[in-house]
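Please read the structure below before turning to the comments.
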Ligand code: ADP
């Protein structure tokens, strides 16, 4: 019994101990820091400890009793887990993703097995290990690694593309490592190795001392540490000279000893040669820039850096003449935005393209920019010449030219230009219409193509006047068309002069006056017919008057004599007038003919003086010194000239004044003159008196009748006698008209 009691007590104690253990265990599991949950055969969560709930953020009610699938992010993973467990697999650190209440995902590792009783699936026991932060770290690490890899490969690419070699020197044991590119620069194959001593040997002898000094300097822990020099090397084997640029960095230990020397090396032979070339040409370009007005010359190197900026229009193009541009990059020294505009042009020219662009400055002036690649002896582009020229005036002139050209083309007159040698250089559309030739047909041909044979000598007369710089206005002439038609033209011909006044061409404006001419012919014909028809009755009137006058004189009767004398004067005047009209009409038609014969001057002059005196009884007419002179001329025409001069002298002088007509012998020439004491002639009018229909117009002359053809006829008739009319006159004092004839001895 005692045994039993003992045993009982023992069991009781065991039971107590056991229940204590269960309690402890339960508490332990409930409060364990390791999250745990149980899932039954149906996949429902039947229990979870606090750590599990804390991990995912749910309350007991929200979690326990719910299907586990609600909490798995990846259903296929869950399926796999359940499959494995059902087939009695033990899961060890199986990765899964669980959904938290706040929507975030936890990365976990699951350790799990199945609790079976009597072979029956009771539930799973899952231990969840949160590895979210681990996963995150891992991810960051991989990201970092990929980035590192990428940047490394970028660096490698950059180095490859720049042909940058790298080197690594250990000053302690003297090891020298060169990258393949570095070896290539030195003319070595990738497999070949190199020693520091042979590196030193391959520095160009002239640069060796300097390089060694620089290396020493950079190894000095106080001032050194970096190294940046360019110098010449001699390539291995070939000993070819190359220029290199080397950058380096020295690493020191805590005692200030150089333990590593790392750096890069770049072959800059081409750049060096280019800048050498540029330096050589710089002076030349500067001289050009300074001597071409309105120009800005830029020389840029391959990196777009300014080598030269020179010219007299820097300011106009936004460059500051006080700034030192040479050696600077345009991005650093030009106003914002300027380089961006120039950059694509610089790139084009440095790619070898030669081109020009027209642009406007900020002041709206026109510029042309010529971009020319500069090449070395190997035909490689080492820089560019950028020449900006102010073409504002040229542009304006071009615009004006275009306007003028438009006017010329649309003009109704034919406008032709020719060289001083008479070669046609331009031809407008009216010229084509007038002459029938197209511009293509006629440009380059002689102007004589248009001149009829009988007028060819006219050209040389015209040229003579043009060469004196004179302009010929409204010169009426005839020209011949492509289909051999003669047309009447009025030409205005001017010399074309350059800025220094040299005659560089001739311009001709031709107006077709054929129809006007035809009109004139008709008018002349009319005048000729009318004059002729008037002459006959007038002659008979005159003879009747003379008969009556003779009769009256015989029979006496002062009134009749007086009246008939006046009638005779008037018929005489009319006869002169009609004669003038007839002469004019004939002259214009070119139908005037001279009937030259030797005759004595005096009798004619005497008759003329008497007739004039008869016409103008209020004036005194004097005749001087014409005796014994014989001239060879058309007597009637000379008398017509004298009648005109005398009647003008009478018309334009006061009653009571004297008119002197006379002759002066000068060798074989006889000067015949008519002088009056009349109103005189202004200088401005003197030049034009001999033009057809020209009359001086002022108050004084208003009452004097006339047609303005007398002096024109005088001048024209004298031309046929190879002579010309001259005048000397003083206003208010009188005028003398004179001409010369050849005397016959
Ligand atoms: P008209 O006498 O019919 O007008 P002319 O051709 O004979 O025409 O003369 C032209 C012009 O010259 C005249 O209108 C006149 O003004 C001027 N003139 C001509 N002769 C003289 C003169 N002796 N004195 C002053 N003026 C003259």
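Since every read-out is calculated from the coordinates, none of them should be taken as a lab result. Predicted model, so just to flag it, every value in this text is computed and none were measured. Heads up, the Cβs are rebuilt from the backbone with ideal geometry, glycines too, and the neighbour counts pull from every protein chain shown.
Across all directions, the shadow cast by the convex hull of segment 458-528 built on its C-alpha atoms averages 6.1 square nanometres.
For segment 1-139, relative contact order (Cα pairs under 8 Å, six or more residues apart, normalised by length) works out to 20 percent. Legend: calculated FRET efficiency, residue 209 to residue 249, from the Cβ-Cβ distance at R0 = 25 Å, rounded to 0.05, equals 0.65. Once the Cβ-Cβ distance between residue 535 and residue 594 is put in as r, and R0 is 22 Å, what FRET efficiency do you end up with, to the nearest 0.05? Using R0 = 22 Å, I get an efficiency of 0.60.
Ranked by the mean number of other Cβ atoms within 10 Å of their residues, highest first, the peptides 6-14, 67-75, 547-555, 239-247 come out as 239-247, 67-75, 547-555, 6-14. Per q in 0.13 1/Å, what log10 I(q)/I(0) does a Debye calculation on the alpha-carbon atoms of segment 526-581 return? The computed values of log10 I(q)/I(0) come out as -0.37. A convex hull fitted to the Cα coordinates of segment 237-297 yields 154 cubic angstrom per residue.
Just so you know, the Rg over Rh for segment 677-725 is 1.00, from Cα atoms, with Rh as the Kirkwood radius. With all projection directions averaged, the alpha carbon convex hull of the chain covers 81.4 nm². Across the alpha-carbon atoms of segment 334-395, the computed radius of gyration and Dmax are 13.2, 41 angstrom. A straight chain from residue 459 to residue 196 at 0.36 nm per residue would run longer than the Cα-Cα distance by 85.4 nm.
Taking every alpha-carbon pair under 8 Å whose residues sit at least 6 apart, the chain reaches a relative contact order of 4 percent.
Here segment 534-689 yields Rg over Rh of 1.00, to two decimals, using C-alpha coordinates and the Kirkwood radius.
With all projection directions averaged, the alpha carbon convex hull of segment 103-203 covers 14.7 nm².
The relative contact order of segment 679-745, computed from alpha carbon pairs under 8 Å that lie at least 6 residues apart in sequence, is 37 percent. So what is log10(I(q)/I(0)) for segment 386-435 at q = 0.22 1/Å, when the Debye sum runs over its Cα atoms only? Debye output, listed in q order: -0.82.
Here the alpha carbons of segment 493-549 define both size measures, Rg and Dmax, at 25.1, 75 Å.
Per-residue ellipticity at 222 nm computed for the chain from its helices equals -13500 deg cm²/dmol, with DSSP H segments shorter than 4 residues left out and the rest contributing -39,500 (n - 2.57).
If R0 equals 22 Å, the separation of the Cβ atoms of residue 115 and residue 30 corresponds to a calculated FRET efficiency of about 0.80.
One way to sum up the overall shape of segment 299-378 is the equivalent ellipsoid from its Cα gyration tensor, whose semi-axes run 20, 16, 12 Å, largest first. Each of residue 379 and residue 405 was given a label point 7 Å from its Cα along the Cα-to-Cβ line. The distance between the two points is 3.7 nm. Multiplying each eigenvalue of the alpha-carbon gyration tensor of segment 617-667 by 5 and taking the square root yields semi-axes of 23, 14, 8 Å, largest first, rounded to whole angstroms. Here segment 3-51 is treated as a Stokes sphere of Kirkwood radius computed over C-alpha pairs; at 37 °C and 0.692 mPa s its diffusion coefficient rounds to 253 µm²/s. Note that segment 148-273, at 37 °C in a medium of 0.692 mPa s, gets a Stokes-Einstein diffusion coefficient of 216 µm²/s from its Kirkwood radius over C-alpha pairs. Global dimensions of segment 383-500 from alpha-carbon coordinates: Rg and Dmax equal 17.8, 67 Å. If you wrap a convex hull around the Cα atoms of segment 444-598, how much volume per residue is inside, in Å³? Dividing the Cα hull volume of segment 444-598 by its residues yields 199 Å³.
Please list log₁₀ I(q)/I(0) at q = 0.20, 0.24, 0.27 Å⁻¹ for segment 1-84, using the Debye equation with identical point scatterers on the alpha-carbon positions. The calculated log intensity ratios at q = 0.20, 0.24, 0.27 Å⁻¹ are -0.92, -1.13, -1.23. Within segment 441-493, the ratio Rg/Rh, alpha carbon atoms throughout and Rh by Kirkwood, equals 0.97. Overall dimensions of segment 205-348, expressed as equivalent-ellipsoid semi-axes from the Cα gyration tensor (√(5λ), whole Å, largest first), are 40, 20, 13.
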